[in-house]
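Inspection log for the structure reproduced underneath, given as C-alpha cells.
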Amino acid sequence: MTRIQKTVFILVALIAVVLGLTINRVLNDKHDNASPALIDAGILLLPQSRQIPALEMTDQNGQAVALDQLKGKWTLMFFGYTFCPDICPTTLAQLRQVKADLPKAAVERLQVVLVSVDPNRDTPQQLKQYLGYFDKDFVGLTGSVETLQKLANAVSVPYIPADTSKPNYTVDHSGNLALIGPDGTQRGFIRAPVNAQKLVAQLPGLVKRD
C-alpha cells in the first residue's frame, strides 16, 4: 500500500470514528432515561436503522455469502483477525461465554459473525480453524480490502488496512461490535470492552424484537 493510499484509509477511518462518536453521543442523549440498562450493558441503539450495502463475501467454508443471507437472526458483527494478539481472542471468548449463558430461545435468534480485516492471511481455512477454538457455529467472513472497507464504513466500525509487506504485521481496528437486526439493517452497536454478564441480562429481551 502506498503512502497516499494509507493516508486516505486513515482519513476514512478517522471520519468513521468521528461519526461513531457522534452517534454514541446522540444515543446516550436519546436513551438515557428510556433504557439505562441497555446503555449500561454497552448496547447502543440507533434512532433509526441503517441500510447495509449489498455485498458478497466468502465464509469460513469457502462459500460465497451475500450479506442478505444473514437475515432472520440478530447478528453480533465483530471486525478482527486471527493473528490478533489480544482484543480478538478476548472478545470471542467473551461472546462464547455470553452464548453459553443465554437461554436457548435467545441463542436461537442470535449469530456471531467475525469479519476478517486481514484478508491477506485469513483464508477460509484459517478462519474455520480459528473460530473452531471458540465456537463451531461462529461465522467467519472475508473479502477484498475494498469490500471490507465498504462494510466497515457502512456500520461505522473502522479499521486501517495493514502494510502487509512488513513481517508479523498487526491491523488497527475497533473493538466495537455492529448490531444487525433480523431484517438485515444495522440497529446499533455494542461497545468494547464486552461485558458478558450484562449482555446476558439484556440480550434476551432485545432479540425478541423483529
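Tell me whether the range 133-149 contains one or more residues that are among the aromatic types (Phe, Trp, Tyr), buried (at least 17 other Cβ atoms within 10 Å of the Cβ) and under 18 Å from LEU55 (Cβ atoms).
No, the conditions are met nowhere in the range 133-149.
Checking the structure you have, find out if any residue of the range 95-112 is in contact with a helix residue (DSSP H, G or I) (Cβ under 9 Å, 6 or more places away or on another chain), closer than 13 Å to GLY181 by Cα, free of Cβ contacts under 8 Å to residues at least 60 places away in the same chain and crowded, with 17+ Cβ neighbours inside 10 Å.
Yes, the range 95-112 has at least one match.
Need the failing condition index for LYS128 against (1) part of a loop (DSSP other than H, G, I, E, B); (2) touching a Gly at 6+ places or on another chain (Cβ under 8 Å); (3) more than 24 Å from THR185 (Cα to Cα), just the number.
(1)
Mind checking which strands (runs of 3 or more DSSP E) fall wholly inside the range 37-108 and carry at least 2 residues that are more than 18 Å from LYS136 (Cβ to Cβ) and touching a Ser or Thr at 6+ places or on another chain (Cβ under 9 Å)?
Filter on the range 37-108 gives 43-50, 56-59.
Got at least one residue in the range 134-141 being touching a helix residue (DSSP H, G or I) at 6+ places or on another chain (Cβ under 7 Å), part of a strand (DSSP E or B) and closer than 22 Å to PRO193 by Cα?
Yes: one or more hits.
Taking the range 122-178, which residues are under 16 Å from the mean Cα position of the chain (by Cα) and among the polar types (S, T, N, Q)?
THR142, THR147, GLN149, ASN153, SER156, SER174, ASN176, listed by residue number.
Do you know which residues across the range 130-157 are free of Cβ contacts under 8 Å to residues at least 12 places away in the same chain and under 20 Å from THR170 (Cα atoms)?
GLU146
Checking the conditions here, which among ASN195, ASN168 is on the phi > 0 side of the Ramachandran plot and either surrounded by fewer than 18 Cβ atoms within 10 Å (Cβ to Cβ) or touching a residue at least 24 places away in the same chain (Cβ under 8 Å) (or both)?
The unique qualifying residue is ASN168.
Rule-based calculations on the coordinates, nothing more; no lab input. Worth saying up front: this structure is predicted, and the values here are computed from it rather than measured. Every residue, glycine as well, gets a Cβ built from its backbone with ideal geometry; the counts of neighbours run over all protein chains shown.
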